[in-house]
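To keep things clear, I will list the structure first and then write my remarks on it.
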Amino acid sequence: MFNQVRWRCQEPQVRHAFSLCRIVDAGNPDQWYDLLGVIRVPVDRLAPDKLHDRLRPWALATLAAGGYGFGRYYACYSTLDEDDEPDKAITNEDIDWSGSAVLVPADPQPGRTLATDGGQPSLAPM
């Protein structure tokens, strides 16, 4: 065994992160993403899916603590490239933020549909 060399090829360590972007001009064809921050997250090799469930709570806590205003935001769990920039998305969330809480779409009551009557929306029984 002495005087022998063994080459061990090690794969490069894949780094993972959460990132948060503000979507500028959301809903327009010219929308773009303003990267607000990236935080590296350790991955448990035995349970890598645990981080999927932590993305949204992290993003909401970051938005609340950072004093971010009204708008649409994009949170992403991804790998990082060699420059520590988000690379390949694993999971993501679009968040409509009021400046203090998540905006949720208003749904009509169950059992009713939204109908228009002379240009005015109204609830109509099904």
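The values are calculated or read from the model by the stated rules, or taken from the named source; none is laboratory data. Because the structure is a prediction, the values reported are computed rather than measured. Using ideal geometry, Cβ is built from the backbone for each residue, glycine included, and neighbour counts are taken over all protein chains shown. Surface areas here come from the heavy atoms of the whole protein model, side chains and all, with no ligands, DNA or RNA. Shrake-Rupley method; radii C 1.70, N 1.55, O 1.52, S 1.80 Å.
For LEU103, the amide hydrogen comes within under 5 Å of the amide hydrogens of ASP96, TRP97, SER98, counting only partners 5 or more places away or on other chains and with H modelled in the peptide plane.
Only protein heavy atoms count here; under a 1.4 Å probe, LYS88 has an accessible surface of about 140 Å². Annotation: amide H-H contacts under 5 Å for TYR68 (H modelled 1.01 Å from N, sequence separation of 5 or more, or interchain): none.
For LYS50 and ASP25, the difference between the fully extended length at 0.36 nm per residue and the C-alpha to C-alpha distance is 5.8 nm. The HN-Hα couplings worked out from phi for segment 18-29 by the Karplus form 6.51 cos²θ - 1.76 cosθ + 1.60 (θ = phi - 60°) are 9, 9, 9, 10, 9, 8, 8, 6, 4, x, 9, x Hz, whole numbers, x standing for Gly and Pro.
Given their separation in residues at 0.36 nm each and the Cα-Cα distance between them, GLN13 and ARG40 gain 8.4 nm when the chain is fully extended. Per-peptide packing, taken as the mean over residues of other Cβ atoms within 10 Å, places 60-71, 13-24 in the sequence 13-24, 60-71 from highest down. Taking amide H as placed 1.01 Å from N in the peptide plane, THR91 has its amide H under 5 Å from the amide H of TYR77, each at least 5 places away in sequence or on another chain.
Karplus-based coupling profile of segment 89-102, in residue order and whole Hz: 6, 9, 8, 8, 9, 9, 10, 8, 10, 7, x, 9, 7, 6, with θ = phi - 60° in 6.51 cos²θ - 1.76 cosθ + 1.60 and x standing for Gly or Pro. Given a 1.4 Å probe and the protein chains as shown, TYR74 ends up with an accessible area of around 50 Å². With 0.36 nm allotted per residue and the present C-alpha distance subtracted, the TYR33-GLN4 stretch has 5.2 nm of extension available.
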